[in-house]
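Notes for the one structure printed next.
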Amino acid sequence: MDRETRIFAEKHFQGLGECLPSSVGRTPDCVDFIEKPEAFSYADFFKRFLLPNVPCVFSSAFTESWGSRKHWVTPEGKPNFDYLLQNYGDMIVPVANCGVKEYNSNPKEHMPLRDYIIYWKEYIQENYSSPKGCLYLKDWHLCRNTSAEGVYSLPVYFSSDWLNEYWDAIDVDDYRFVYMGPAGTWSPFHADILRSFSWSVNICGRKRWFLFPPGQEEALRDCHGGLPYDVTSPTLLDVRLHPARTHCSAPLEVTQEAGEMVFVPSGWHHQVHNLEDTISINHNWINGCNLGPMWRFLQQELLAVQQEISEWRDVMPDWHHHCQVIMKSCTGINYEEFYHFLKIIAEKRIPSLANGMATETAGSVSDTGLGVQHTAFDVSRITEVLASLITNPDFQRLDTSAFSLQPGDLLQQLEEARTATVSL
Ligand SMILES: O=C(O)CCC(=O)C(=O)O
Ligand SMILES: [Fe+2]
């Protein structure tokens, strides 16, 4: 990142202040298509799509060199079942049944990839039907179990990825996935975990995306306040069932071809249909640009838990602690883990910033590979969000005495590091 981009980004966040998007996002008329890798820099992506939080599609030229595009696909552009069987047949994969609705999602089972491919071949032979239903292999953590080397390489645009950096540091999980399924498989309406961004590349096949800017989903709620499972269902047209439906703009519709890469911004609800037999690779990621939305989302999640068990507030001595426990199981993380996430990233960026500034020149290599200006931007974003976390009454109720680094001390270190960047 160059200096000009960092200053642009910092102004963007100053301009937003604390009063961030409670307003409903306008649906753009169309999605930008990025044709040529050589004419599109990280700074272009950062300024035009990441910061303004709008989607875009990258051409297949961006993924031309990926091994998976060569080996996982037959010359006819179909999934290469033999190659997949030989290389990954024994691996256990999660499989969802698209035909069964379970709390706005689908029930999942686990099976060896071999069995899934046997099912898939039969499904095609039987004209895309099976007594087993319509099965979709989703959220397979291929890279946690085997090296992704030679399968794909992380596009630079998506390389500021604190979520996977955090998971890699504590070696617990990751948000790097493979999806595969026959034509007709689909993912119900949802927004991505913790207000993360996602990117998704079709290794083969085609997908149809329905995308709604943040806030538009409110108008899609049914008369009980629930979000839809399928936004293409005709029941959505019934105003008795969906009273605010007329206030929702039509979604942005995108058809993603083989090799193309879709950027899904933070908080955009979406629904995705495989139009052909399709394999895709995607990541969920969080960085300084959606850290604020992530923190606001966590506050909303805690509030929802507090409201749910409000009747016990006065009778349960450790009610606040219980709210955090429930939040952890519903949302995946609670306030303590959010602090831990900020701390892990901050503890990598602070020395990296000092090193980068000592060796001077902007754009010099840093731990993230994105240069010292980007590290300065990261430090600035963590500082602001940590300052907000520390003054939050629910965070102040946590017992932080056993934390390896006290939140106030971390904030001070960050503020000192940030002050030093004025000369950058
Ligand atoms: O491809 C799919 O079925 C879902 C992908 C998705 O939801 C995402 O990349 O965020
Ligand atoms: Fe998604």
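The values are calculated or read from the model by the stated rules, or taken from the named source; none is laboratory data. Quantities reported herein were computed from a predicted structural model and do not represent experimental measurements. Here the Cβ is made from the backbone with ideal geometry for all residues, glycine too, and neighbour counts use every protein chain on show.
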**Request:** Can you run down the residue pairs with Cβ atoms below 6 Å, 6 or more apart or on separate chains, where the first is in the range 169-196 and away from ligand 1 (no atom under 12 Å from the Cβ) and the partner is among the acidic types (Asp, Glu)?
**Result:** Pro182/Asp277; Ala183/Glu276; Ala183/Asp277
**Message:** Cβ-Cβ distance below 7 Å, separation of 6 or more or different chains: which pairs start in the range 1-12 with a residue that is crowded, with 20+ Cβ neighbours inside 10 Å and end on one that is at pLDDT below 90?
**Reply:** Met1/Leu370
**Message:** I'm checking my understanding of the structure. Among residues of the range 147-189 that are within 16 Å of ligand 2 (Cβ to nearest atom) and among the aliphatic types (A, V, I, L, M), which one is farthest from Gly371 (Cα to Cα)?
**Reply:** Met180
**Prompt:** Got at least one residue in the range 282-292 being of a type in the set (A, V, I, L, M, F, W, C), in contact with an Asp or Glu (Cβ under 6 Å, 6 or more places away or on another chain), within 14 Å of ligand 2 (Cβ to nearest atom) and under 26 Å from Tyr339 (Cα atoms)?
**Reply:** yes
**Output for the range 128-140, where each listed residue is assigned to a loop (DSSP other than H, G, I, E, B) and closer than 18 Å to Ser105 by Cβ** = Gly133, Cys134
**Prompt:** Between residues in the range 244-257 that are exposed (fewer than 13 other Cβ atoms within 10 Å of the Cβ) and residues that are in a helix (DSSP H, G or I) and among the polar types (S, T, N, Q), which pairs lie under 7 Å by C-beta distance while being six or more apart or on different chains?
**Reply:** none
**Complete:** Of Glu308, Glu276, Glu301, the only residue that is over 30 Å from Asp378 (Cα atoms) and in contact (Cβ under 8 Å) with a residue 24 or more places away in the chain is Glu276
**Asked** Looking at Asp277, Asp192, which is the one that is within 12 Å of ligand 2 (Cβ to nearest atom) and either farther than 25 Å from Ser159 by Cα or within 20 Å of the chain's Cα centre (by Cα) (or both)?
**Response** Asp192
**Fill in**
Checked Arg381, Arg349, Arg418, Arg397 against criteria (basic (Lys, Arg) and over 29 Å from Phe46 (Cβ atoms)); the one match is Arg397
**Asked** Could we say that Phe197 is of a type outside the set (Asp, Glu) and touching a Ser or Thr at 6+ places or on another chain (Cβ under 8 Å) here?
**Response** yes
**Message:** So Ile203 ticks every box in (1) more than 27 Å from Val31 (Cβ to Cβ); (2) out of contact with any Gly (no Cβ under 7 Å at 6 or more places or on another chain) but one. Which box is left unticked?
**Reply:** (1)
**Prompt:** Out of the range 378-399, which residues are free of Cβ contacts under 8 Å to residues at least 40 places away in the same chain and surrounded by 15 or more Cβ atoms within 10 Å (Cβ to Cβ)?
**Reply:** Thr383, Ile390
**Filter pass, Ser388 being small (Gly, Ala, Ser) and at pLDDT 95 or above** = yes
